Amino acid sequence: MAYRAEKPPLAETPEQLRARIPGWGVDLDPADRPAVPRELPPDPTRYGAHWDFPERQPERVPRERSVEHAQLPPVFGTVAPPHGLSGVVRRYAYRWSEGRNTHWLLLMAADRIDAVESAATATATRRGRASGPWRARARAESSGHGLRSRAGRGRADVRHQWLDPLVVGAPWVLGAAAAVAGARALARAGRR
């Protein structure tokens with residue numbers, strides 16, 4: 001079982017592992033390990049582990065659970081519990097193993113959705129006025145000599161500046177186009 005103070009026994013003996021896995025145990029001999037002079041023997045009192053199993057943090061809000069693990073770790077983050085559409089995508093991602101690309105791609109998509117949700121929430125709470133990163137960028141461009149500083153001498157990226165609007169704006173334009181196309185497809189499907 002995980003999270004015990006003592007090291008769990010190996011499922012196989014070192015001889016079985018050495019026979020099955022080529023190169024297993026090459027660092028068992030202290031003469032072959034470069035960190036041996038600095039290593040200390042395991043001393044449970046040195047690290048202050050006074051427990052057999054650590055006290056569990058209460059789970060007040062349901063958390064995502066990996067299919068690889070039978071239980072949550074004793075301590076886990078609760079600062080930003082899953083919420084909104086991004087939370088739905090996150091919970092859906094944990095149906096797959098952490099060894100599958102689907103799991104990680106869905107989690108990355110949930111991060112992007114969360115960024116859009118946060119920006120929309122920030123803008124909506126300011127009654128339509130730009131806030132957060134939008135206002136900060138506009139202020140920097142207008143008061144910090146934004147255009148003049150880009151054309152300065154000695155800048156390595158002057159030749160690439162024409163790409164900046166494409167790199168920054170293209171994902172937003174493509175996302176809006178995809179949203180419009182999806183809405184139209186749903187509307188057509190609803191009319192049938």
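If the condition is being open to solvent by less than 70 Å² (accessible area, probe 1.4 Å) and either touching an Asp or Glu at 6+ places or on another chain (Cβ under 6 Å) or modelled with pLDDT of 85 or more (or both), then the range 153-171 contributes GLY169, ALA170. For the range 25-83, a residue qualifies if it is in a loop (DSSP other than H, G, I, E, B), of a type in the set (A, V, I, L, M) and either open to solvent by less than 60 Å² (accessible area, probe 1.4 Å) or at pLDDT 75 or above (or both), and the qualifying residues are VAL26, LEU28, ALA35, ALA49, VAL61, VAL67, ALA70, LEU72, VAL75, VAL79, ALA80. Among the residues making up the range 62-104, those that are under 21 Å from PRO171 (Cα atoms) and in contact (Cβ under 8 Å) with a residue 12 or more places away in the chain are LEU85, SER86, VAL89.
The values are calculated or read from the model by the stated rules, or taken from the named source; none is laboratory data. Remember, predicted model here, so these are calculated numbers, not experimental data. Virtual Cβ from ideal backbone geometry, glycine too; neighbours counted across all protein chains shown. Side chains included, ligands, DNA and RNA excluded: accessible areas come from the protein's heavy atoms. Shrake-Rupley method; radii C 1.70, N 1.55, O 1.52, S 1.80 Å.
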